[in-house]
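Scroll down for the structure; my scribbles are underneath it.
Nothing in this text is a laboratory measurement; each read-out follows from the coordinates by a stated rule. Computed from a predicted model, the values in this text were never measured in an experiment. Reconstructed Cβ throughout: ideal geometry from the backbone, glycine too, with neighbour counts over all protein chains shown.
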Amino acid sequence: MDLNISEEEKQAFNAKGEDTVRIADDSTEYEIIIIDPGFYSWLNSIAKPRGYYSQHFLENRNQIYVINWNQRVLNPFRYDSNLYEMQIDYQSNIDYGYEVNYKLYNYFLYFQRKYRQRLGPFYPRLN
């Protein structure tokens with residue numbers, strides 16, 4: 001899969017700064033913790049800024065990505081269990097807020113680009 005990864009993005013993938021990102025909205029009780037070196041740097045240097053996508057867009061994409069992610073977690077003989085370790089409990093009838101959806105969506109982009117995976121029908125591009 002040719003993703004056209006820039007040198008700047010490669011550097012973000014390999015960044016050795018913070019390796020834990022808390023995905024939460026302080027007004028809700030929902031939280032996801034991502035421990036993946038490079039994601040924090042990538043989120044702050046490569047990802048589109050907050051407000052670029054609508055919450056509706058993010059929710060729709062996240063729903064598709066979560067379904068595919070969870071199917072891979074449940075199929076460790078077919079998909080690398082080191083990449084797909086835990087299921088994500090994401091329900092379409094819950095409003096997780098913009099921040100949770102924004103960071104989760106961007107993690108899925110980061111993950112697909114860094115590990116050369118494809119979690120849905122969409123090409124994991126940055127534009």
(message) Run the numbers for I64 and Y115: contour at 0.36 nm per residue of separation, minus the present Cα-Cα distance, in nm.
(response) 16.5 nm
(message) If I model a spin label at Y123 and Y30 as a point 7 Å from the Cα along the Cα→Cβ vector, what separation in nanometres do I get?
(response) 3.0
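Using a Förster radius of 35 Å, what is the FRET efficiency between Y79 and R50 based on their Cβ-Cβ separation? Nearest 0.05, please.
Values: r = 31 Å, r/R0 = 0.88.
So the FRET efficiency works out to roughly 0.70.
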(request) Starting from the exponent 0.38 and prefactor 2.2 Å, build the expected Rg for the chain from its residue count and divide its actual Cα Rg by it. (result) 1.01
(message) Just to be sure I understand: with springs between alpha-carbon atoms less than 10 Å apart, which residue in G51, G38, G97 has the highest mean-square fluctuation in the Gaussian network model of the chain?
(response) G51
